[in-house]
Amino acid sequence: MNADETNLTTLLNRIERGETDLYLQVVRRYELMLRSYIAGQLYNIAEADDLAQEVFITAWRDLGSFRRGGDFGTWLRGIARNRLLTHFRSQQRRAGATERFQAEVVRLAEQELEAAAHLDEGGRLERLLHCISRLPEKLRRVVHAGLEGARPAALAEDLQTTVPAIYQLHYRANQLLRDCINKEAH
């Protein structure tokens with residue numbers, strides 16, 4: 001065991017015996033390496049910082065499981081790798097749920113439009129189409145894409161924006177359409 005490993009082992013043993021304030025030295029010693037490793041995987045600095053904090057908290061909690069004399073940086077990267085995998089799985093589940101939700105909204109909207117077309121009392125469909133035509137170009141594209149079942153990610157790329165921005169635009173378009181139809185009805 002070299003002097004650096006001996007110093008680290010001594011430091012970790014002291015931390016486990018209750019000198020918890022010394023853990024900050026461990027964090028400072030490894031944070032640049034760990035944040036760089038995580039940031040290289042995420043490409044989002046805020047998420048990388050959050051994940052690095054989670055890794056250091058997990059390392060603190062599981063410090064007793066670290067085999068003294070081992071490579072502490074490798075151990076931290078192993079924890080980080082597991083956190084990254086969990087993070088990516090969570091993002092995939094969220095994206096899948098969002099797409100299923102959007103598909104269901106489109107399906108319901110199509111059903112309502114079909115019903116409205118058959119029962120078009122007092123020209124509601126005509127009012128809706130008129131209101132859609134009065135929307136700003138970007139909102140009109142969002143409404144049309146939603147009715148056609150376009151995926152939010154594809155629309156975001158086409159409009160050079162983000163998926164959350166697409167949902168905001170969709171929400172805003174729905175508000176404007178609702179207001180317009182109510183005004184047209186009176």
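The values are calculated or read from the model by the stated rules, or taken from the named source; none is laboratory data. In this text, all values refer to a predicted model and were calculated from it rather than measured experimentally. Cβ atoms come from the backbone with ideal geometry, glycine included; neighbour counts cover every protein chain shown.
Identify the residue in the stretch 34-48 that is in contact with a helix residue (DSSP H, G or I) (Cβ under 7 Å, 6 or more places away or on another chain) and not hydrophobic (A, V, I, L, M, F, W, C) and, among all such residues, is surrounded by the most Cβ atoms within 10 Å (Cβ to Cβ).
Y37
Just one of W60, W75 is of a type outside the set (G, A, S) and crowded, with 16+ Cβ neighbours inside 10 Å; which is it?
The unique qualifying residue is W75.
Out of the stretch 20-53, which residues are touching a His at 6+ places or on another chain (Cβ under 8 Å) and farther than 13 Å from L76 by Cβ?
Those that are touching a His at 6+ places or on another chain (Cβ under 8 Å) and farther than 13 Å from L76 by Cβ: L42, E47.
What's the total number of residues in the stretch 66-81 that are of a type in the set (G, A, S) and touching a residue at least 24 places away in the same chain (Cβ under 8 Å)?
Qualifying residue count, the stretch 66-81: 3.
Filter the stretch 15-28 for residues that are free of Cβ contacts under 8 Å to residues at least 12 places away in the same chain and under 33 Å from the mean Cα position of the chain (by Cα); which is nearest to I57 (Cα to Cα)?
L24
Consider the stretch 68-110. How many of its residues are among the charged types (D, E, K, R) and touching a helix residue (DSSP H, G or I) at 6+ places or on another chain (Cβ under 6 Å)? It would help to see each step written out before you state the result.
To start, the set of residues in the stretch 68-110 that are among the charged types (D, E, K, R) comprises 68, 71, 77, 81, 83, 89, 93-94, 99-100, 104, 107, 110.
Now drop any that are not touching a helix residue (DSSP H, G or I) at 6+ places or on another chain (Cβ under 6 Å), which leaves 68, 77, 83.
Within the stretch 68-110, residues that are among the charged types (D, E, K, R) and touching a helix residue (DSSP H, G or I) at 6+ places or on another chain (Cβ under 6 Å) number 3.
Residue-by-condition table, conditions (1) more than 17 Å from R178 (Cα to Cα); (2) under 29 Å from the mean Cα position of the chain (by Cα); (3) at pLDDT below 85:
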residue: H118; (1), (2), (3): yes, no, yes
residue: G122; (1), (2), (3): no, no, yes
residue: L125; (1), (2), (3): no, no, yes
residue: L129; (1), (2), (3): no, no, yes
residue: E137; (1), (2), (3): yes, yes, no
residue: L159; (1), (2), (3): yes, yes, no
residue: T162; (1), (2), (3): yes, yes, no
